[in-house]
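**Q** Below is a structure I'd like to ask you about.
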There are 2 protein chains.
Amino acid sequence: MKQNKYDDPEFFANYSQMPRSTGGLNAAGEWQIFRALLPDRNNKKVLDLGCGFGWHCRYAREQQAKFVIGVDLSENMLTRARNSTNDSAIEYRQLAIEDIDFAAEEFDVVISSLAFHYVENFNTVCKKVRHALKPGGSFVLSVEHPIFTALASQDWHHDQEGKRLHWPVDGYQDESQRIARFLDNDVIKYHRTLETYLNTIIDAGFRITRISEPQPSKEVLEEYPEMKDEVRRPIFLLIAAVKN
Amino acid sequence: MKQNKYDDPEFFANYSQMPRSTGGLNAAGEWQIFRALLPDRNNKKVLDLGCGFGWHCRYAREQQAKFVIGVDLSENMLTRARNSTNDSAIEYRQLAIEDIDFAAEEFDVVISSLAFHYVENFNTVCKKVRHALKPGGSFVLSVEHPIFTALASQDWHHDQEGKRLHWPVDGYQDESQRIARFLDNDVIKYHRTLETYLNTIIDAGFRITRISEPQPSKEVLEEYPEMKDEVRRPIFLLIAAVKN
């Protein structure tokens with residue numbers, strides 16, 4: 001059974017109050033970097049896996065995408081996404097990412113923002129993405145960084161006064177489920193090594209074109225000063241790849 | 001002035017007693033993985049950057065390489081390397097890695113084992129490697145992992161009884177010199193993020209074909225049980241790339 005935490009009312013209420021939920025893409029520390037990895041969307045068909053509130057789908061249309069499909073398992077998320085647009089060139093489908101089944105070479109661009117660390121079988125997803133992409137098509141994704149997902153606690157190591165001493169890493173090579181706390185809830189995440197993320201993408205038939213471990217920009221830091229410790233360890237891993 | 005720690009007599013004496021110095025490639029936890037990344041060497045011209053005692057050079061010749069050049073800055077290392085072979089198809093040159101100046105397309109394979117974290121300008125090295133490689137030639141390298149080099153202390157976080165609690169990460173985005181302790185000496189290393197390692201290789205004109213964060217094999221663990229904690233955090237990063 002695929003996890004569908006975003007349809008838990010309490011969790012969804014908490015998530016809806018996060019800066020990236022209320023402020024959209026510009027409130028996400030990594031957005032400027034993610035955006036720079038995206039190819040030209042003009043007249044392109046775009047698929048967004050784990051589309052959430054549909055911010056990326058709407059942005060793709062602002063960038064003149066021809067047609068956008070957003071996939072998410074959460075009815076709550078998709079209801080909000082659907083209510084946020086009346087653009088007939090955006091279609092939302094309620095579906096687990098692992099269950100996508102698109103025709104071969106249907107899309108020019110597949111994106112996914114912070115969703116794959118909830119997916120158990122990354123290998124299957126990469127193969128399905130490759131199938132759905134045209135040759136030369138782009139696959140741009142972000143996930144929680146392996147340094148961030150290694151320990152289920154996902155928290156700094158503090159001294160007795162509560163000061164952040166450093167980020168702890170342990171169990172790195174143990175690729176399995178982690179029960180992490182997120183927004184006061186237990187959430188199932190899947191820790192994978194960097195090696196696994198990159199080699200799985202390569203083996204599925206992609207060429208890696210760019211990696212990023214984003215830092216918040218000066219502008220983002222001024223608006224969200226609580227992000228200052230983000231330079232002390234990477235929290236996200238962004239990968240851009242092109243179908244061979 | 002490029003660091004030449006291996007010509008410090010005390011440091012060299014300590015290094016010479018490490019398992020990988022006395023036992024060679026099979027005593028290096030990552031060797032089986034590194035070897036699997038290497039292309040066929042049969043009748044190929046091979047360059048080894050930071051060749052040390054020449055283990056990799058001699059192994060390349062065992063694999064029927066046509067000609068091998070080993071480069072190292074340390075006279076101590078090269079004297080030992082030269083004394084370990086009378087093979088006229090292996091040539092050793094005393095040179096800093098950054099200072100190589102080979103003819104275009106001179107080599108089929110360039111390898112480097114645990115040397116580039118001592119090199120300040122990785123970008124220059126990647127460009128020179130690309131220049132020296134034939135089109136389609138292979139570049140296979142290992143470095144200390146960014147998780148391992150982030151903190152200069154390069155040590156576990158211990159409890160009061162000396163038990164290893166976890167691996168600490170801090171200052172990850174600060175790409176600069178680290179004064180690390182290695183074999184009871186201060187050694188200058190250069191911390192780079194994963195993003196920098198991979199993008200620099202891509203930008204120099206390579207295609208990434210494989211990544212590895214090796215774990216010691218069962219056989220290595222049986223012979224060197226002190227390596228058991230190596231699964232708790234990655235210590236090395238291995239990258240295989242091909243010239244575009």
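**Q** Roughly speaking, what % of Cα-Cα pairs in the range A:100-148 are separated by over 16 Å, rounded to a whole number?
**A** 41
**Q** Roughly how many Å² is the accessible area per residue of the protein assembly as shown, as a whole number, for a 1.4 Å probe?
**A** With the other protein chains kept in place, the protein assembly as shown gives 43 Å² per residue.
**Q** Let me ask you something else. Give the average, rounded to an integer, of partner chain Cβ atoms located within 10 angstrom of each Cβ in B:152-163. Mind dumping the intermediate values first?
**A** Details: counts 0, 1, 0, 0, 1, 6, 0, 0, 0, 0, 0, 0.
Across B:152-163, the average partner-chain Cβ count within 10 Å equals 1.
**Q** A further question follows. Net charge around A:ILE97, counting only other residues with Cβ within less than 12 Å of its Cβ (Lys, Arg = +1; Asp, Glu = -1)?
**A** Here the count lands on -3.
**Q** Measuring from a point 7 Å out along Cα→Cβ, what nm distances, shortest first, does A:LYS134 have to its partners in the other copies?
**A** So the label point of A:LYS134 gives 3.7 nm to the other copies.
**Q** Here's another thing I want to ask about it. To the nearest whole percent, what portion of all C-alpha pairs in the range A:69-221 is separated by more than 19 angstrom?
**A** Beyond 19 Å sits 63 percent of the P(r) for the range A:69-221.
**Q** Just checking the output field for B:229-242: average partner chain Cβ neighbours within 10 Å of each residue's Cβ? Can you show the working numbers first?
**A** Numbers: counts 1, 2, 5, 7, 8, 9, 0, 0, 2, 1, 1, 0, 1, 0.
Averaged over the peptide's residues, the number is 3.
**Q** Take the Cα coordinates of the protein assembly as shown, assign each an equal point scatterer, and use the Debye formula without solvent to give log10 I(q)/I(0) at q = 0.07, 0.08, 0.10 Å⁻¹.
**A** Computed log10 I(q)/I(0) values: -0.41, -0.53, -0.81.
**Q** Give me the inter-chain shielding for A:169-176: mean count of other chain Cβ atoms within 10 Å, whole number please.
**A** Values: counts 11, 10, 4, 10, 8, 2, 0, 0.
What the average comes to for A:169-176 is 6.
**Q** Hey, for B:ASN123 with labels 7 Å out along Cα-Cβ, what do the inter-copy distances come to in nm, ordered shortest first?
**A** 3.9
**Q** Would you kindly work out, in nm and rounded to one decimal, the distances from the label point of A:MET18 to those of the same position in each other copy, ordered shortest first, with label points 7 Å along Cα-to-Cβ?
**A** 4.1
**Q** Another question about this same structure. Give the longest segment of chain A that steers clear of trypsin sites (Lys or Arg not before Pro) in DSSP loops with at most 14 neighbouring Cβ atoms within 10 Å, not counting the sites themselves.
**A** With trypsin sites (Lys or Arg not before Pro) excluded where exposed in loops, chain A gives A:67-162 as its longest stretch.
**Q** I've got another one for you. Sequence neighbours fewer than 8 away in the same chain don't count; with that in mind, list the lysines whose C-alpha is under 26 Å from B:LYS134.
**A** A:LYS243, B:LYS44, B:LYS45, B:LYS66, B:LYS243
**Q** Summing +1 for each Lys or Arg and -1 for each Asp or Glu, what net charge is found among the other residues whose Cβ lies under 15 Å from the Cβ of B:GLY162?
**A** Within the 15 Å Cβ shell, the charges total -3.
**Q** Considering the Cα trace of the range A:133-213, what is its radius of gyration and what is Dmax, both in angstroms?
**A** 15.9, 55
**Q** Next up: Leaving out ligands, DNA and RNA, calculate the buried accessible area for the pair A and B with a 1.4 Å probe, summed over both sides, in Å² to the nearest 100.
**A** What A and B bury together is about 3000 Å².
**Q** Mind jotting down the distance between the C-alpha centroids of the range B:82-110 and the range A:208-225, whole Å?
**A** 41
**Q** So, in Å, what gap is there between the alpha-carbon centers of the range A:138-171 and the range A:1-62?
**A** Going from one Cα centre to the other spans 22 Å.
**Q** Accessible area of the protein assembly as shown with a 1.4 Å probe: how many percent of it is carbon plus sulfur?
**A** C and S fraction of accessible area: 45 percent.
The values are calculated or read from the model by the stated rules, or taken from the named source; none is laboratory data. This is a predicted model, so every value here is computed, not measured. Heads up, the Cβs are rebuilt from the backbone with ideal geometry, glycines too, and the neighbour counts pull from every protein chain shown. Calculation scope for accessible area: heavy atoms of the full protein, side chains included, ligands and nucleic acids excluded. Shrake-Rupley method; radii C 1.70, N 1.55, O 1.52, S 1.80 Å.
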